[in-house]
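The values are calculated or read from the model by the stated rules, or taken from the named source; none is laboratory data. The structure presented is a predicted model; accordingly, all values stated were derived computationally and were not measured. Side chains included, ligands, DNA and RNA excluded: accessible areas come from the protein's heavy atoms. Shrake-Rupley method; radii C 1.70, N 1.55, O 1.52, S 1.80 Å.
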Amino acid sequence: MWLFVKVLAVLLVYGTAIEPRFVDRDNQLAPIPNLPAEWEGKQIAVFADLQVGMWWANKDAARRLVRQVVRIHPALVLIAGDFVYRARNNVDAQMAEVLRILQPIIDAHIPMYAVLGNHDYELMNENSRPDSSNVIARRVATALDSAGVRMMDNRSFAMPSSAADSADS
């Protein structure tokens, strides 16, 4: 029984205090039919789960991630949501921190596109109430959009005609 408790404690510490601080980079080559020649070989960075506001927050890992993105300077960045965590009472403070974390990408003029995640809607589990979470989601989206992050909520955007144009927009 004690062995089980010890193993469970180790897994809990690893899963909540250690693993969230890893920044893994996984390069993938994606063949895209009919891709314009000027986009050939260009990189796109994709990440998610900043979850600013989470206990034992992973803000340092998020800053390291952003530094890596700026260093590789991709043609564009896609962010797959979960900017905040349980933001009901402090969404403005959490979004101010999110924007501080993303600022180096903004300063590097790398276009960013994003969608919101379940935490941005406060949909943590099957008992979450989506009707009350839309207010937070709108505030997250508005803050990001105001900072120049193009929100993809049921919208599409024409990509620049060349990757070089993309880096300048």
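Brief remarks follow.
- Considering (1) part of a loop (DSSP other than H, G, I, E, B); (2) modelled with pLDDT of 95 or more, the lone condition that V69 does not fulfil carries the number (1).
- Scan of the range 32-66 for residues that are open to solvent by less than 60 Å² (accessible area, probe 1.4 Å) and assigned to a helix (DSSP H, G or I), ordered by number: W39, A61, A62, L65, V66
- On the stretch given as the range 9-31, residues that are at pLDDT 75 or above and open to solvent by 100 Å² or more (accessible area, probe 1.4 Å) total 5.
- Meeting the requirement of 1 or more residues that are at pLDDT 80 or above and open to solvent by 80 Å² or more (accessible area, probe 1.4 Å), the helices (runs of 4 or more DSSP H) wholly within the range 86-169 are 91-107, 130-146.
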